[in-house]
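Please read the structure below before turning to the comments.
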Amino acid sequence: MKKITTAGIDLAKQVMSVCAMDAEGRMVMRKMLRRDQLLRWTAAQPACVMAMEACGGAHHWGGN
């Protein structure tokens, strides 16, 4: 697999969508991960940009 330089994560309550790209901007991975899987996956990645997106209600959930 090519080296991941950027990962986009769509945050949700239970299942997150992850898309990873290489230095040329080509998608090298697309997965759906549960919370526990996402934590293990991000810990296993080399240093890279991780951009996160969430819905407008995420601020409310983050405060609880």
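The mean sequence distance of close C-alpha pairs (under 8 Å, at least 6 residues apart), as a share of the length of the stretch 1-45, puts its relative contact order at 32 percent. The phi torsions of the stretch 41-47, fed into the Karplus equation with coefficients 6.51, -1.76 and 1.60 and a -60° offset, translate into couplings of 5, 5, 5, 7, 7, x, 4 Hz, rounded to whole numbers, with Gly and Pro shown as x.
Read-outs: derived from the displayed coordinates by stated rules, not from any lab. These numbers come from a predicted model, not from an experiment.
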